[in-house]
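Student: Before I ask anything, here is the structure I am working with.
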Protein chains: 4
Amino acid sequence: MKVSVIGASGYTGGELFRLLCNHREVEIVGAYGKTTIGKDLSEVHPSLQDIVDLTIEEPKYREVGESSDLVFTATSHGVAMKFVPDLLDEDARVIDISADYRLDDVRVYEEYYQKHESPGLEAVYGLSEIYRSEIEKADLVANPGCYPTAAILSLAPLFSEELIDLEHIVIDSKSGTSGAGAKPSQKLHHPTCAENLRAYNVTAHRHSPEIKQEVEKLAGGEATIHFTPHLIPITRGILNTSHVFPQDTVDEDKLIELYENFYDDEPFVRVLERLPQTNAVRGSNFCDVGLEVSENSGRIVAISAIDNLVKGASGQAIQNMNIMFGFDERMGLEEIALRP
Amino acid sequence: MKVSVIGASGYTGGELFRLLCNHREVEIVGAYGKTTIGKDLSEVHPSLQDIVDLTIEEPKYREVGESSDLVFTATSHGVAMKFVPDLLDEDARVIDISADYRLDDVRVYEEYYQKHESPGLEAVYGLSEIYRSEIEKADLVANPGCYPTAAILSLAPLFSEELIDLEHIVIDSKSGTSGAGAKPSQKLHHPTCAENLRAYNVTAHRHSPEIKQEVEKLAGGEATIHFTPHLIPITRGILNTSHVFPQDTVDEDKLIELYENFYDDEPFVRVLERLPQTNAVRGSNFCDVGLEVSENSGRIVAISAIDNLVKGASGQAIQNMNIMFGFDERMGLEEIALRP
Amino acid sequence: MKVSVIGASGYTGGELFRLLCNHREVEIVGAYGKTTIGKDLSEVHPSLQDIVDLTIEEPKYREVGESSDLVFTATSHGVAMKFVPDLLDEDARVIDISADYRLDDVRVYEEYYQKHESPGLEAVYGLSEIYRSEIEKADLVANPGCYPTAAILSLAPLFSEELIDLEHIVIDSKSGTSGAGAKPSQKLHHPTCAENLRAYNVTAHRHSPEIKQEVEKLAGGEATIHFTPHLIPITRGILNTSHVFPQDTVDEDKLIELYENFYDDEPFVRVLERLPQTNAVRGSNFCDVGLEVSENSGRIVAISAIDNLVKGASGQAIQNMNIMFGFDERMGLEEIALRP
Amino acid sequence: MKVSVIGASGYTGGELFRLLCNHREVEIVGAYGKTTIGKDLSEVHPSLQDIVDLTIEEPKYREVGESSDLVFTATSHGVAMKFVPDLLDEDARVIDISADYRLDDVRVYEEYYQKHESPGLEAVYGLSEIYRSEIEKADLVANPGCYPTAAILSLAPLFSEELIDLEHIVIDSKSGTSGAGAKPSQKLHHPTCAENLRAYNVTAHRHSPEIKQEVEKLAGGEATIHFTPHLIPITRGILNTSHVFPQDTVDEDKLIELYENFYDDEPFVRVLERLPQTNAVRGSNFCDVGLEVSENSGRIVAISAIDNLVKGASGQAIQNMNIMFGFDERMGLEEIALRP
């Protein structure tokens, strides 16, 4: 099948090429960008030297749509919304890795992001484990944010049983710096960012309403999400620590069993008997989940670890592609984590 | 005044020498250790080359006590308890940087640590900002843990006004690796620890009862502390994120004013109008505090940053020494953070 | 084909599993260790959870040899030498990733390492690009050291033309910390190793005689190798900077052409028009090479970058396996570097 | 004495404030910048919060010169040259931390940098250990580059005795990222810079002619400097590895004695019996030096470690200030390295 990537020079774009070039069913037919037009892909992503031989071009969207079975849009939010309708018009299917189609309610999108230029398109939220059957048939998949992927997968089994207090869901997340993208800034300048810890968007991060939307669907009721992200000086990885409070006393072993059953057939969620670490998933599409219940207070601490660029972005996008096109869900995603 | 250090080769020991050798009123008369006896101090701490010219000796505790006005015990827990009574007997005052005298209730100590060999000694909890007048007169100061220092200072002003729900105090802390001490281990082996994120002692860390004890004193009632620490691959620094819930609606500006007033005369607590970062305090004795109130949920996020080896250990110990001996509280602690 | 790994719990062992489990022709039949006997492989290498389901066993060498077509020995030096003869006796072919069979002259081995217990075995030095035809037929391959791999590949084309002064070959190498192995030590303790730079074994590293031996074979004459390694706080990667001096004036473009021709058919050596960086090869089996000639002094600076655990160890071992068993040389080594 | 800083918002500017604010003889009267005019100093350097209370102003150079006994110019090269004559005219003494007055031959400056706008000013090269008596009387001190400081101090004693071959001086240097300045760029973007190693300006770095100029003065003859710098993902520190070749056989112990004698009275050069490490000097003004002689080849490896922002920039500038104004050379530079 023919696949194009719009947004080829960012980190999620680079990651798509890294993973797609070993995918048996995929032919990459186009790499499109804005600021890097005319450059060889390997100039922007030196790891692709002698592997992917493509030049970054300016996209003519209708032509891209026409020549591709699937287009990945790996742009910033506010960009994909401008041309996704054109791609769909030409019968390409689209997986949007930006935030543009993740929020069901366009008012929420516009509150947290900006004016939406193509509201009302029918998109499926691409959390593979939860929406597999809808993704199969979707023409437009809204690939989840990195934090929401880690957060929701850490908690999903709990909602199936109405186990927890929905008013006090505290999600304290820690992300490596690649999550902030490839554009240089003071915040991500190595000397001031390395050997430093900071929180950011402490009460109003854009991924909050996305988590809330999905948690409420799973829980079947209103939930308050208390989400705070932190920037950690590692290049890749999210460690998500969810602190939640059971309605009644729960047993740790039973909870682990609940998780194991919930994720039993999932190829990319591993329920661990130990605590997750990011370097056990780095470079891979796995989401590792582990949990503990406090003997004193009853608090449940559910921890998940993902690679923000893989399961948190491009890897999950390829997982969704596999679902959409009927391939083995693991195809192209066989890599084991790079550890150490 | 004459000062000795027992536990000279660990990180907190090294940090005491780094800071004390520029303290105008202090003469360091002895450096004592166990596994490094006979070594020059600069062999263990190469940064002290040509600065502190001492050989690490085996301590004879009564002699140490006799020859010192003040002894810092910078050992692991379970060690200081064996000889602190001897030091006090010889009329030395003692600042214990280990955990041995922090918990008022010896049963709690024994539940979280081990059998106590000198229970019942009268120790003052050395959180300088809270117990200054008691510290002044103390013969034995129990220097606080690194996490408790950051956690309590992030929250103390709130308790003065009974503002928050004491059942849902979630404290999610992130520490650099020097907090785990100088002894090599798989967990702290560079290749597996760098570029990795992990939580540990997720529901039952030893600093939990210490935080609970002090929060309850400040709040004047029972409190449930939901504390989870994380290991972050930076060498120094704790970033403490406290998620708490107000009883009634609170105003962010008023809260900041409350904090500013509470810490108004404090030489080492800075209430910021922005969010704290660890590299703005690295190497210094400051605790930076900042906070935000969620417009949607009302949650208060109070963030503090300290250097775990300075305000979280040896720096606060010296601050306590200054209080005990009537020196300017800033003496020897004038260093600005090393940033970048 | 049936493959066993002796030394399953170290970093090179873990790396073999990471790469072999996606190799189409390989069935892993045994994982053997010493200090981790009885543990699940995924307990030692959490990245292998749900992927490789093996328990680490104590090796009975003759049985291992009998049941395997190929055995990788991923032990420390001084260990493999004890049992490789047994493995060969049972008609297993062996790739030894330790240093035990790299040096042709056992006296040199014993000067730099220790008494050799199985001298005289016929081993082929497994630098794939140089000894491909010998490797094909070998029963015992001595897999090269990480530094020698990077150093020799940075210089090999120069020797084919007798271009440089063999008395002043300065090789200044920088390695990430995984090169020092999985065993915790003060030198590799995160707090003292991160944010630190140091040289070690400055004039007498064990890889010096190995580089010398191979350079002299390539150059056809005596050479003096001035090699100094450095420990850099990244987890993976070697950057090798070779400073050499031409006999006569050389032209940079001609040199690059010489390198391109020399490595023209090599699947894993990329001659770059820019300078190599380690993160463009991290996790992959590539050796990237680039060079510059000083306009003022004529000095040639030839720089190479490898992942010390892949092309510098387990990846090259698998490349050698592919050569020995007639597989496509790229098989199992298709992974692109993880960047960022 | 009254001191001003032009270039207040860069890393060397920030470092001047960090060190000067604890200097007993200094009153900081002005902080000047270009892109940060109107900001509080603590907004740019959050570590200075509550310590230095200054607003960054636009400099009127003659007024700055008039109101200051000493002006530090901590700008990029090509900037200070525009206004240093004005400062001197107003009888301020000047320490220029940029490269503008380091090279004696303006043609060399213009080859490596740009057109010089104030050539011919009489500047003293501010390598404190070598030019102390000239610095005392200087009105304009050209503070050395970070690499030249480390390189020259690693080699200086050798030249006093004509011990080495001046044609093969190989200087392989490794620097932390703060050496590249505070301006964000792709090269220093955390995700691509962390966990990466690279060389840069491999044969033609701007510090090459500076090292050559000073080595030739010390050696009293022509020398060829083979200098290559590398970017290492730590925030601070230079480790300089000089590979040089003796004319005749030399004895390691005698060489160390030579170094010890040469630096005997120096307050900031420590000749070690072990190899230097950057974290033993981080944050301090020390230059640690160590060396080894190869038993096989005779090569001398002389290694030095400095903090690039202290002894390599602002610390040495203050050392020079102390020399110029007759203060104790250690004043304001008492800090011990931050280790770990």
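Student: From the list C:THR228, C:THR235, which residue is β-branched (Val, Ile, Thr) and either outside any loop (DSSP other than H, G, I, E, B) or farther than 30 Å from B:GLU15 by Cβ (or both)? Give the steps one after another, and end with the answer.
Tutor: Details: C:THR235 fails: either outside any loop (DSSP other than H, G, I, E, B) or farther than 30 Å from B:GLU15 by Cβ (or both).
None of the other options fit; the residue is C:THR228.
Student: Just checking, which of A:VAL71, A:VAL64 is outside any strand (DSSP E or B), in contact (Cβ under 8 Å) with a residue 40 or more places away in the chain and away from chain C (no Cβ under 14 Å)?
Tutor: Values: A:VAL71 fails: outside any strand (DSSP E or B).
Checking each option against the conditions leaves just A:VAL64.
Student: Now a separate question. So for segment A:211-225 (the condition being part of a strand (DSSP E or B) and at the interface with another protein chain (Cβ under 10 Å from one of its Cβ atoms)), does at least one residue qualify?
Tutor: Just the residues of segment A:211-225 that are part of a strand (DSSP E or B), to begin with: A:225.
Subsequent filtering for residues that are at the interface with another protein chain (Cβ under 10 Å from one of its Cβ atoms) retains A:225.
Looking for residues that are part of a strand (DSSP E or B) and at the interface with another protein chain (Cβ under 10 Å from one of its Cβ atoms), one finds at least one in segment A:211-225, hence yes.
Student: From C:THR278, C:THR249, C:THR224, grab the single residue that is under 13 Å from C:SER175 (Cα atoms) and of a type in the set (Ser, Thr, Tyr).
Tutor: Values: C:THR249 fails: under 13 Å from C:SER175 (Cα atoms); C:THR224 fails: under 13 Å from C:SER175 (Cα atoms).
On inspection, the qualifying residue turns out to be C:THR278.
Student: Which of the residues spanning segment D:72-88 are open to solvent by less than 50 Å² (accessible area, probe 1.4 Å) and either touching a Pro at 6+ places or on another chain (Cβ under 9 Å) or of a type in the set (D, E, K, R) (or both)?
Tutor: Taking segment D:72-88 as the starting set, the residues that turn out to be open to solvent by less than 50 Å² (accessible area, probe 1.4 Å) are D:72-75, D:78-81, D:83-88.
Across segment D:72-88, the qualifying residues are D:MET81, D:PHE83, D:ASP86.
Student: So in segment C:160-195, with the set limited to residues that are open to solvent by less than 10 Å² (accessible area, probe 1.4 Å), of a type outside the set (Ser, Thr, Tyr) and more than 7 Å from every other protein chain (Cβ to nearest Cβ), which one is farthest from C:THR235 (Cα to Cα)?
Tutor: C:ILE164
Student: Something else: Name every residue in segment A:254-296 that is polar (S, T, N, Q) and farther than 19 Å from B:THR228 by Cβ, in order of residue number. Spell out how you get there, then give the answer.
Tutor: To start, the set of residues in segment A:254-296 that are polar (S, T, N, Q) comprises A:261, A:277-279, A:284-285, A:294, A:296.
Those that are polar (S, T, N, Q) and farther than 19 Å from B:THR228 by Cβ: A:ASN261, A:ASN279, A:SER284, A:ASN285.
Student: Has segment B:317-333 got at least one residue that is within 14 Å of chain A (Cβ to nearest Cβ) and either open to solvent by less than 10 Å² (accessible area, probe 1.4 Å) or of a type in the set (Asp, Glu) (or both)? Walk me through how you get there before you give the answer.
Tutor: Step one: list which residues in segment B:317-333 are within 14 Å of chain A (Cβ to nearest Cβ), which gives none.
No: zero hits.
Student: Looking at segment D:181-190, can you tell me whether even one residue there is touching a helix residue (DSSP H, G or I) at 6+ places or on another chain (Cβ under 9 Å), among the small types (Gly, Ala, Ser) and within 30 Å of A:GLY176 (Cα to Cα)?
Tutor: yes
Student: I've got another one for you. Between a residue in segment C:136-151 that is outside the structural domain of C:HIS230 (by TED's automatic domain parsing) and within 15 Å of C:ASP91 (Cβ to Cβ) and any residue that is crowded, with 24+ Cβ neighbours inside 10 Å and acidic (Asp, Glu), which pairs come within a Cβ distance under 7 Å, given they are 6 or more apart or on different chains?
Tutor: C:LEU140/C:ASP96
Student: What's the number of the only condition in (1) touching an Asp or Glu at 6+ places or on another chain (Cβ under 6 Å); (2) surrounded by 20 or more Cβ atoms within 10 Å (Cβ to Cβ) that A:HIS45 fails to meet?
Tutor: (1)
Student: State the number of residues belonging to segment D:175-219 that are at pLDDT below 95 and either among the aromatic types (Phe, Trp, Tyr) or in contact with a His (Cβ under 6 Å, 6 or more places away or on another chain) (or both).
Tutor: Total meeting the criteria: 0.
Student: Looking at this structure, is A:ARG102 over 24 Å from B:SER242 (Cβ atoms) and touching a helix residue (DSSP H, G or I) at 6+ places or on another chain (Cβ under 9 Å)?
Tutor: Numbers: over 24 Å from B:SER242 (Cβ atoms): yes; touching a helix residue (DSSP H, G or I) at 6+ places or on another chain (Cβ under 9 Å): yes.
For A:ARG102, the condition - over 24 Å from B:SER242 (Cβ atoms) and touching a helix residue (DSSP H, G or I) at 6+ places or on another chain (Cβ under 9 Å) - is met.
Student: For segment D:226-244, indicate whether the set of residues that are in contact (Cβ under 8 Å) with a residue 60 or more places away in the chain and open to solvent by 10 Å² or more (accessible area, probe 1.4 Å) is non-empty. Walk me through how you get there before you give the answer.
Tutor: As a first pass, look at segment D:226-244 and keep what is in contact (Cβ under 8 Å) with a residue 60 or more places away in the chain: D:227, D:229, D:236-244.
Subset that is open to solvent by 10 Å² or more (accessible area, probe 1.4 Å): none.
There is no residue in segment D:226-244 that is in contact (Cβ under 8 Å) with a residue 60 or more places away in the chain and open to solvent by 10 Å² or more (accessible area, probe 1.4 Å).
Student: Name the pairs whose Cβ atoms lie under 6 Å apart, with the first residue in segment B:196-217 and under 30 Å from C:ILE234 (Cβ atoms), the second part of a helix (DSSP H, G or I) and not acidic (Asp, Glu), and 6 or more positions between them or separate chains?
Tutor: Pairs found: B:ASN196/A:THR278; B:ASN196/A:ASN279; B:LEU197/A:THR278.
Student: Kindly establish whether D:SER154 is within 30 Å of D:ASP265 (Cα to Cα), assigned to a helix (DSSP H, G or I) and within 14 Å of chain C (Cβ to nearest Cβ).
Tutor: Numbers: within 30 Å of D:ASP265 (Cα to Cα): yes; assigned to a helix (DSSP H, G or I): yes; within 14 Å of chain C (Cβ to nearest Cβ): yes.
In short, yes.
Student: Are there any pairs with C-beta distances below 6 angstrom linking a residue in segment C:74-95 that is among the aromatic types (Phe, Trp, Tyr) to a residue that is surrounded by fewer than 24 Cβ atoms within 10 Å (Cβ to Cβ), with the two at least 6 apart or on different chains, and if so which?
Tutor: If the second residue must be surrounded by fewer than 24 Cβ atoms within 10 Å (Cβ to Cβ), the pairs left are C:PHE83/C:TYR61.
Student: In segment D:107-120, which residues are open to solvent by 40 Å² or more (accessible area, probe 1.4 Å) and more than 20 Å from the chain's Cα centre (by Cα)?
Tutor: D:ARG107, D:GLU110, D:GLU111, D:GLN114, D:LYS115, D:GLU117, D:PRO119, D:GLY120
Student: Against the definition (within 14 Å of chain C (Cβ to nearest Cβ), buried (at least 23 other Cβ atoms within 10 Å of the Cβ) and assigned to a strand (DSSP E or B)), how does D:VAL141 come out, yes or no?
Tutor: Numbers: within 14 Å of chain C (Cβ to nearest Cβ): no; buried (at least 23 other Cβ atoms within 10 Å of the Cβ): yes; assigned to a strand (DSSP E or B): yes.
Taking the combined requirement at face value, the residue does not satisfy it.
Student: To continue, here is another question. Residue under question is C:SER133, and the condition is that it be outside the structural domain of C:LEU239 (by TED's automatic domain parsing), open to solvent by 30 Å² or more (accessible area, probe 1.4 Å) and in a loop (DSSP other than H, G, I, E, B); does it hold? Break it down stepwise before answering.
Tutor: Working: outside the structural domain of C:LEU239 (by TED's automatic domain parsing): yes; open to solvent by 30 Å² or more (accessible area, probe 1.4 Å): yes; in a loop (DSSP other than H, G, I, E, B): no.
No: the conditions fail for C:SER133.
Student: Going through segment A:284-299 one residue at a time, which ones are open to solvent by 10 Å² or more (accessible area, probe 1.4 Å), of a type outside the set (A, V, I, L, M) and under 27 Å from the mean Cα position of the chain (by Cα)?
Tutor: The answer is A:PHE286, A:GLU292.
Student: I'm told C:VAL52 meets every condition in (1) under 24 Å from C:LEU20 (Cβ atoms); (2) away from chain A (no Cβ under 14 Å); (3) aliphatic (A, V, I, L, M); (4) in contact with a strand residue (DSSP E or B) (Cβ under 8 Å, 6 or more places away or on another chain) except one. Can you identify the failing condition by its number?
Tutor: Looking at each condition in turn, C:VAL52 falls short on (2).
Student: Report the residue count in segment A:48-60 for those that are more than 23 Å from A:LYS183 (Cβ to Cβ) and crowded, with 19+ Cβ neighbours inside 10 Å. Write out each step before concluding.
Tutor: Quick first cut of segment A:48-60, residues more than 23 Å from A:LYS183 (Cβ to Cβ) only: A:50-51, A:53, A:60.
Next cut, crowded, with 19+ Cβ neighbours inside 10 Å only: A:51.
Going through segment A:48-60 one residue at a time, the tally reaches 1.
Student: Can you spot a residue in segment A:196-209 that is open to solvent by 60 Å² or more (accessible area, probe 1.4 Å) and assigned to a helix (DSSP H, G or I)?
Tutor: Looking for residues that are open to solvent by 60 Å² or more (accessible area, probe 1.4 Å) and assigned to a helix (DSSP H, G or I), one finds none in segment A:196-209, hence no.
Student: Could you tell me which residue of segment C:4-48 is nearest to the other protein chains (Cβ to nearest Cβ), considering only residues that are part of a strand (DSSP E or B) and of a type outside the set (Gly, Ala, Ser)? Even if it seems obvious, please write down each step before you answer.
Tutor: Narrowing segment C:4-48 to residues part of a strand (DSSP E or B): C:4-6, C:27-32, C:40.
Still in the list and also of a type outside the set (Gly, Ala, Ser): C:5-6, C:27-29, C:32, C:40.
On the way: C:VAL5: 15, C:ILE6: 20, C:GLU27: 16, C:ILE28: 13, C:VAL29: 19, C:TYR32: 20, C:ASP40: 11 Å.
Ranking the qualifying residues of segment C:4-48, first place goes to C:ASP40.
Student: While we're here: Within segment B:210-225, track down each residue that is over 21 Å from the mean Cα position of the chain (by Cα) and open to solvent by less than 10 Å² (accessible area, probe 1.4 Å).
Tutor: B:ALA223 - this is the single residue of segment B:210-225 that is over 21 Å from the mean Cα position of the chain (by Cα) and open to solvent by less than 10 Å² (accessible area, probe 1.4 Å).
The values are calculated or read from the model by the stated rules, or taken from the named source; none is laboratory data. Keep in mind it's a predicted model, so treat the numbers as computed, not measured. Glycine gets a Cβ as well: all are built from the backbone with ideal geometry, and neighbour counts include every protein chain shown. Heads up: the accessible areas ignore ligands, DNA and RNA and are worked out on the full protein's heavy atoms, side chains in. Shrake-Rupley method; radii C 1.70, N 1.55, O 1.52, S 1.80 Å.
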